[in-house]
Structures are given as structure tokens and as C-alpha cells.
């Protein structure tokens, strides 16, 4: 039977994905261009037994989202620009205390208010390093409204499986565009719930990882009384001043993501097999890149596209395959050069020319701009 | 027979971090007796806190305890409570945590009237960082960041809470350990957002610089300056203002009203109840 097809806005697709994943709590604050997520979930969550709250600011919205998760609900918050900056303090708390949740960042320009209603891709490094301190990070980015729905489900799955906040790094173009979306039916997409303890509450250690590097997480109120703190903590959750322990625990947290690269990192490779020129593009910019690749191929130019759907962890392994094979990489991005730094790091000087197309004028990078760059040669 | 606190304490976590002479142990004991008096299940008790000396308290209590970021505990508490309204939630913190960095969250929790009990430990100073002036440091008092005396104005936390819409507001001091317990119990029983401000001494961070170096001097100061609400109400507004100017303050239940509780109202509105 044919699947139901809906004409959805990107931000609507986030909501559909969240509900599909079993999200029943949203703590938010209005900000353009993410506000539709809050508006839609305010209406939809009660229908599935969930609750929505509009907090007094972005800081409290992040706090409430983490609190909802600690009490056992899959929790979401969405924001943009300055809102994302404000979330950073409690996002760091979520990393250190290993609380699963999903944060949608509908990217606009920056810094500060700048061009609030237009698109941007300037928060790539913020998604990795925005809060203080070292920590693992997972950020997903994607190029269609269909993917926006599916990647929201995947974001919840990664958050729940690995016990960490996951950032859905989308942008204003994807957030506000409308496309036909084939609606997944129950069972079509995998839905993962966090591991919960089954031991005697007396024996529960909230930060004692199992073989997969992740400890089971008890809901507050479920009979497992335990302590959560943003201080360095022992396996029982209580604070410790042991610096060696702090270092070992942070490395363990980083490893729980790095060791699962193959499961977490997802890319699309288009026409890369024989490519001499590679475009590395993500999000809405990758849509233009795809068009440019098609047009260049029609002219006989050997160009391919590597499009990360997971930007953090960075797709090192996927990119490394092309060391010594491509002689140019073009990195178009709506910022002044963030992703290109990572491409340069991974390729370690093996590519004769890595060139950026960098634009922060609140306009999308067009296929023609990318095609011209391809043809411009070196 | 002496009261046995052990049933509510994580004894392995004692001794606590508080300095000799700190008033927070008195508050913790009153709070335990109040919780015990209500017969709240430890499994259904959630205690959240921010950052600072007061905020270390939940680590000592055998409950679901959440030591969060500076000033943000009410945001976390709101999420926990909305995710599972059956849980009894206490959010606590110091004067700096709740009314400076957490001031926005504090006033909005009051306005929202969510069924959370908030204990504000007011020792008039930032203790953990070593004695900087806070929003409740008296004018002209000395602090490490007010070496010439404090130029800044004071928050009256109870008045702030009443003004912002908390439906139960009380104040006590560490001198009044037994009335404090009763007041805390009333606050926890109240449906809606309840605030109890507890005046406490910080001999280390505040007293030493302000001629109140001994713990007993600080407790004597509390005794001498607190006025029972019934007595306070007998004064005219002018008399009250004159008393307040000398550092006097009313204690007891300062405000109580019945207002729709936030989650109940939300659930009724959206068809969840």
C-alpha cells in the first residue's frame, strides 16, 4: 500500500519525527526561525499525553528539557542563533551528566541578532565546541524535509542509546521550505529507548558504564534514588576531586561516541568513485552542490559530492578514502570557513587544492556559484 | 529520645562541606524533620539545587537529588515536575543562586505557581567563592568585593516572591529551628509555588568582616532582629518601614493564597486531566 504523503514544512517535519520517536516533553522559548517547532508541539504533545512548557528564557528551556528527560521522558527543545548561545551552559551539564535529549538548532546568521530571518551555517564549530570544556558531541545535518523527519528520529535514537544531548543542526532554508514527505508508519523506522536499570536499587551505579561504555539510566521517581551533579563524579554519582578520574571519565565519554563512528556517522557519496574534484557540502548548501555536480557531469567534468548527514563526529573515515584520489576539494558553506578547516585537517596536505566558497549574506549559495567554481579550475 | 536523622541522610557523605558555625546544618535538620512529618516517600522526593554552599545539601539527602548549574535549579525542577507531577519537588539554593543569577527563573516560577517548594538560604553573601556581596548583602556591609562597604541595594526575598506571585511565602531564621520546621511543612503542604526564605549565618564569609565573627553572635543577631508576623502586623506601615531601616524583618507565614496550580491548570486546559 502506498504510504501517506504530506506536504510539510521542515520545522513541521521535526515535530513529526519527534512524535514518531516518542517525545513527550518540550521545554522551549520562541525564536525565529525555529518557533514553529514550539507552536506545533504545544498543540500536538497533549494529544499523546505529553506536556509543553514555554519557559522564561532559553537557559531555563534547556534546563527544563534536561529535567524532563531525568524524570523519564524523551525531551526536545528547539532554538536558533542567540538562543543556542544561551543553551550552552546547560548543554554542557547535559554532556557531563549524560542526559539524553535533542536540541534543534535552526541555523540563521550571526553573531548576535544580525539577520534573524535568513539562513546561515555558522554554528558548525559551536555545535562541537560551544560549551566550555571537553566533551563528545553529535550533530546531525541534512538537506531535505524528508530527512529532517527521519534524522530527528535518529537524533533521539543516538541520544537515548549513548546517553547524551544530540544537536539537530538544520538551517532556515530546510526549516521553512515545504516538500512532499512520505510519512513513516510505525515500525518503518527504528526507535530506541534508553537502557534502564534492572538491578536492585541498592546496587545501582548511575555512572558505571557497561561494556558499550554507557550506564543504564534510571528515571527519577522509579525507586532508584541517586545523585546527579555537574561536578566530576564517581560511578555512584557523587562528587570527587580526583583529577585522574575526571580525565578518564571524559575520555570514556568521548570514546563511547568515537568507538561507534560506523553507527553514528552517515554520509551520502554521489559520483565520487572516479571524481577528480570533490564538493564537500552539507545542509541546504548540499542541495545546490548536487545540482552543480549534475551540471558539471553533463559537461564531462569528473566531480563528485560528499555530503555528511552527521557533521559531528566529523566524517574523517569517509573523507580519508579520497586521499590521493581527488586533486581538488571545494567546500561551499554559509559561513566564513568552518567546515573547510576540518577537511584540511583530515586530508593532511594530500589534496593539492582545498578551496572554500564562503558566504554570509543571508542568501543561499546557488548551484551556479558552485558550478563556476568547479569550472574556474586552479 | 533524640530525633534520628539517619533515615533521610546518606551517611557515607557526611561530614558535610560547610564551615564550622554555618547555619545550613540547622536548616537541613529542620527540613528533614518537616519531610518526615509529612511522611513523604523518599522514592517520590526530588531535591534540586544550583551552585553554592546551600546547593550542596541535596547530596546529603537520600532521595532523587539533582545538583545543577548556577541559578538554574528551578528550570530543571520545572521539567522534572511536568514530566512526573506525582513527584514532590523541593528546589533550594542560596541568595546569590536564587535571586542574582537565578533571579529570572525565581520570579517566573513564582508567577507560574507550579507546585514546587523553594527554600532560599539567605546568608547575605557568596560563601563558596569566599565572601563577595550578593543581592541581599546589607547596605554598607563589608564584602571582599565591597572593601569600602556595600553601595548596592538589597532584595527583600520574601517581598520579591509575593510580588512575583508565589502563593505561599514565609520567612524564618536558624535561631528559630522548630518554627522553621513547621513553616517548611506548611510550605510543602501548600499546593502551588511556595517560598521559604531562611536567614542564616555565614561567620566565615560575612561575619568576620562585619563584627559578627562568632556563630553565636550571628544567631543572636537573628534573634534580635526578627519580629513575629503577628507583632509586625500590629505596626503601622510607617512603623514597619522604620523598623526595617534598622534591619528588623518579619518572620512566619507572610503570604498565603489559593490560586490554580500550574500543571493542574495546564492539564485541564489541554484535555490531559
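The values are calculated or read from the model by the stated rules, or taken from the named source; none is laboratory data. Given the structure is predicted, the values throughout are model-derived calculations rather than measurements. Using ideal geometry, Cβ is built from the backbone for each residue, glycine included, and neighbour counts are taken over all protein chains shown.
The table below gives the values:
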item: Some residue of the range B:29-50 being surrounded by 23 or more Cβ atoms within 10 Å (Cβ to Cβ), within 13 Å of chain A (Cβ to nearest Cβ) and at positive phi; result: no
item: Those helices (runs of 4 or more DSSP H) lying entirely in the range A:238-326 with at least 3 residues closer than 30 Å to residue B:65 by Cβ and in contact (Cβ under 8 Å) with a residue 24 or more places away in the chain; result: A:243-258
item: Out of A:90, A:105, sole residue that is in contact with a helix residue (DSSP H, G or I) (Cβ under 7 Å, 6 or more places away or on another chain) and either touching a residue at least 40 places away in the same chain (Cβ under 8 Å) or closer than 12 Å to residue A:166 by Cβ (or both); result: A:105
item: Matching residues, the range A:191-224, being more than 30 Å from residue A:134 (Cβ to Cβ) and either assigned to a loop (DSSP other than H, G, I, E, B) or within 14 Å of chain B (Cβ to nearest Cβ) (or both); result: A:191, A:198, A:199, A:200, A:201, A:202, A:221, A:222, A:223
item: One residue from A:332, A:315 being in contact with a helix residue (DSSP H, G or I) (Cβ under 9 Å, 6 or more places away or on another chain) and either surrounded by fewer than 21 Cβ atoms within 10 Å (Cβ to Cβ) or within 20 Å of residue A:261 (Cα to Cα) (or both); result: A:315
item: The range A:1-29, subset modelled with pLDDT of 95 or more and surrounded by fewer than 17 Cβ atoms within 10 Å (Cβ to Cβ), residue nearest to residue A:54 (Cα to Cα); result: A:22
item: Condition met for residue A:47 (more than 11 Å from chain B (Cβ to nearest Cβ) and farther than 28 Å from residue A:128 by Cβ); result: no
item: Residue list for the range A:155-184, restricted to those being closer than 29 Å to residue A:360 by Cβ and assigned to a strand (DSSP E or B); result: A:165, A:166, A:167, A:168, A:169, A:170, A:171, A:178, A:179
item: Residue check, residue B:66 in a strand (DSSP E or B) and under 28 Å from residue B:217 (Cβ atoms); result: no
item: Residue list for the range B:240-273, restricted to those being touching a strand residue (DSSP E or B) at 6+ places or on another chain (Cβ under 9 Å), within 14 Å of chain A (Cβ to nearest Cβ) and surrounded by fewer than 17 Cβ atoms within 10 Å (Cβ to Cβ); result: B:267, B:270, B:272
item: Qualifying positions in the range B:51-60 - crowded, with 24+ Cβ neighbours inside 10 Å and facing chain A (nearest Cβ under 9 Å); result: B:51, B:58
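Here's the yes/no breakdown for (1) surrounded by fewer than 15 Cβ atoms within 10 Å (Cβ to Cβ); (2) under 30 Å from residue A:224 (Cα atoms):
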{"residue": "A:152", "(1), (2)": "no, yes"}
{"residue": "A:159", "(1), (2)": "no, yes"}
{"residue": "A:171", "(1), (2)": "no, no"}
{"residue": "A:174", "(1), (2)": "no, no"}
{"residue": "A:177", "(1), (2)": "no, no"}
{"residue": "A:184", "(1), (2)": "no, no"}
{"residue": "A:193", "(1), (2)": "yes, yes"}
{"residue": "A:205", "(1), (2)": "no, yes"}
{"residue": "A:210", "(1), (2)": "yes, yes"}
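Residue by residue, here is whether (1) assigned to a strand (DSSP E or B); (2) at pLDDT 95 or above holds:
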position	(1), (2)
A:59	no, yes
A:64	no, yes
A:77	yes, yes
A:82	no, yes
A:90	no, yes
A:118	no, no
A:132	no, yes
A:135	no, yes
